[in-house]
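See structure below.
The values are calculated or read from the model by the stated rules, or taken from the named source; none is laboratory data. Fair warning: this is a prediction, and the values are worked out from it, not measured in the lab. Cβ placement follows ideal geometry from the backbone for every residue including glycine, while neighbour counts extend to all protein chains displayed. Each accessible area value is taken on the protein alone, full model and side chains, heavy atoms only, with ligands, DNA and RNA left out. Shrake-Rupley method; radii C 1.70, N 1.55, O 1.52, S 1.80 Å.
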Amino acid sequence: MNTVKKGLMTLLGITLIGTQLVACGSTSDSSQTTEPASSDKKETTATDTAKKDEAKPVEITWWNFPSFQALDGEVGKYEKQIIEAFNKKYPEIKVNLEMITFEAGPEKLNVAIASNTAPDVIYDAPGRILDWAKKDLLAPLDDMVTDEVRKDIPEALWKQSMVGDKTYMYPINTAPFMMGVNKTVFEKIGALDLLPLDRPDRTWTFDEYKKALQAVKEKAPDIIPSGFFAKSQAGDQGTRAYIANLGNSPFLNDDYSKIAINTDKAGAALDWIRQGVKDKLVVSGSESLTGGDVNDLFLQGKLAITLNYSPVLRAQNATLKKAEFEDVLVPFPTIDGAKPKLEPYLGGMAIFNNGNDAKIAAAKKLIDFIANDPEWGKKDLIQTGGLSARSSITGLYNDPEYTYAEQAREFYTNPPTIVDGYAEVRTFWFPELQRVLLGKATGKEALDSFAQKADEAIAKAKADAGK
């Protein structure tokens, strides 16, 4: 029985989590070969088999979310160009591309895995990929990772790519989740000095942040000062990091065994958000808004500060704005202006173990081409608007916001996506936020309730993994 079949007993009925961001490729330096990165390491059985049958044709399926910006308005057109270039190097490998959406894609993947028709390779994010890996559905990729690449990618990103000591996602692109600010609004009301843009690291305090919101309320009454949302789990990294930083509280404890955000300070921050709605500093009806709804308000020029933003979203949104304004990036404020803790988005590729060694080896070649080809690796990265997962690859964009985003990587913290039971943990988050916004619980009560449910889910997931 192949590994995908073995994982079905635990997979059926589980709802996989969604994600909003994109994935991309990164460049390699001049010392890296354009052959698969595994060439200088001990090969796996899959690679050995592929070498013996190198001339034999093999067919693989690549499922991809719309990770790359569409060319000429056509979703998937850029991916087709990748495949065309890939086939010039590997004509014996046929790649069947299937584009999936962020809305319907997760469920389609769920059904495909359950019916033993999973794709061979996928470009996605840790939330789903690590869940699949823990269910023993994926092929390990350690033979692809050279020592050079291993050292060049930060530990926080490797933690999102591995289960135990095995690598299941090849990390390619990254971006810090931050806040987006309508700089033009602040310029028009003469309050640009209230933003931390003149500071190299752009850090700021909770009090400074509140003064900026108050200025918008008083001088631009037709603009909503700040956003918040709690309708669904999509974009929960925004609300999660927002409250954690406003309360100077980590989301999880150091060993990822328990929730740590249920502190008095974080509870007070959540209470402030509810009061902020009443004081017209925070968008009204937050309990019934999604992350997408709030970002739409931002793109319409109706919102001064949005809390679920990144360099990638900024690039994607450039052609989606309904009003003319300049958007800039700032980190989440903290109580005392201490360094914020930013969750990193990470995009990368994974291979489903469909029981065919030749397909696994071919999929590894495709991943290596997308990530490390001297020409296409850089093009892939720029097409998505992402930063390279590799620390040595910088300066790809002539834009001060990208320059700052590169610097903001120093604020990366270990994200909750790697915690056992994360798919279930995140489902408890937004209902508790709604309770606070609707006046049915205090911030501390809601965070305590969330922690109790989440801790039970983490413990159960750990126990199930040990069986």
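Key figures
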| quantity | calculated |
| --- | --- |
| Residue match in the range 115-129 (condition: open to solvent by less than 20 Å² (accessible area, probe 1.4 Å), assigned to a helix (DSSP H, G or I), at pLDDT 95 or above and of a type outside the set (Lys, Arg)) | no |
| Subset of the range 250-263 [farther than 12 Å from residue 419 by Cβ and crowded, with 21+ Cβ neighbours inside 10 Å] | 261, 262 |
| Conditions (1) aliphatic (A, V, I, L, M); (2) touching a residue at least 40 places away in the same chain (Cβ under 8 Å); (3) in the same structural domain as residue 314 (by TED's automatic domain parsing); number of the one not met by residue 408 | (3) |
| Selection count where residues are touching a residue at least 60 places away in the same chain (Cβ under 8 Å), among the charged types (D, E, K, R) and open to solvent by 20 Å² or more (accessible area, probe 1.4 Å), scope the range 411-426 | 1 |
| Residue match in the range 115-126 (condition: out of contact with any Lys or Arg (no Cβ under 8 Å at 6 or more places or on another chain) and free of Cβ contacts under 8 Å to residues at least 40 places away in the same chain) | yes |
| Test result for residue 433, out of contact with any Leu (no Cβ under 7 Å at 6 or more places or on another chain) and over 20 Å from residue 312 (Cβ atoms) | yes |
| The range 323-365, subset among the small types (Gly, Ala, Ser) and open to solvent by less than 30 Å² (accessible area, probe 1.4 Å), residue nearest to the chain's Cα centre (by Cα) | 347 |
| Residue 133 vs. criteria touching a strand residue (DSSP E or B) at 6+ places or on another chain (Cβ under 6 Å) and not in a loop (DSSP other than H, G, I, E, B) | yes |
| Count of residues meeting criterion [touching a helix residue (DSSP H, G or I) at 6+ places or on another chain (Cβ under 7 Å) and farther than 15 Å from residue 202 by Cβ] in the range 386-411 | 9 |
| Subset of the range 65-105 (residues that are open to solvent by 40 Å² or more (accessible area, probe 1.4 Å) and part of a helix (DSSP H, G or I)) | 77, 80, 81, 84, 87, 88, 89 |
| Residue count for the range 434-454, restricted to those that are touching a Lys or Arg at 6+ places or on another chain (Cβ under 9 Å), in a helix (DSSP H, G or I) and either over 15 Å from residue 250 (Cα atoms) or without any contact (Cβ under 8 Å) to a residue 60 or more places away in the chain (or both) | 7 |
| Odd one out for residue 383 among (1) in the same structural domain as residue 259 (by TED's automatic domain parsing); (2) open to solvent by less than 40 Å² (accessible area, probe 1.4 Å); (3) farther than 22 Å from residue 129 by Cα | (1) |
| Where a residue in the range 167-191 is among the charged types (D, E, K, R) and its partner, wherever it lies, is at pLDDT 95 or above and open to solvent by less than 10 Å² (accessible area, probe 1.4 Å), with Cβ under 6 Å and at least six apart | 183/328 |
| Entirely in the range 264-321, the helices (runs of 4 or more DSSP H) that have 3 or more residues that are open to solvent by 50 Å² or more (accessible area, probe 1.4 Å) and either under 19 Å from residue 237 (Cβ atoms) or not aromatic (Phe, Trp, Tyr) (or both) | 264-278 |
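For (1) open to solvent by less than 50 Å² (accessible area, probe 1.4 Å); (2) farther than 30 Å from residue 249 by Cα; (3) part of a loop (DSSP other than H, G, I, E, B), each residue gets a yes or a no:
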residue: 367; (1), (2), (3): yes, yes, no
residue: 392; (1), (2), (3): no, yes, yes
residue: 401; (1), (2), (3): yes, no, no
residue: 432; (1), (2), (3): yes, no, no
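Residue-by-condition table, conditions (1) modelled with pLDDT of 85 or more; (2) of a type in the set (Phe, Trp, Tyr); (3) within 21 Å of the chain's Cα centre (by Cα); (4) not assigned by TED's automatic domain parsing to the domain that holds residue 387:
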site: 34; (1), (2), (3), (4): no, no, no, yes
site: 61; (1), (2), (3), (4): yes, no, no, no
site: 77; (1), (2), (3), (4): yes, no, no, no
site: 84; (1), (2), (3), (4): yes, no, no, no
site: 87; (1), (2), (3), (4): yes, no, no, no
site: 99; (1), (2), (3), (4): yes, no, yes, no
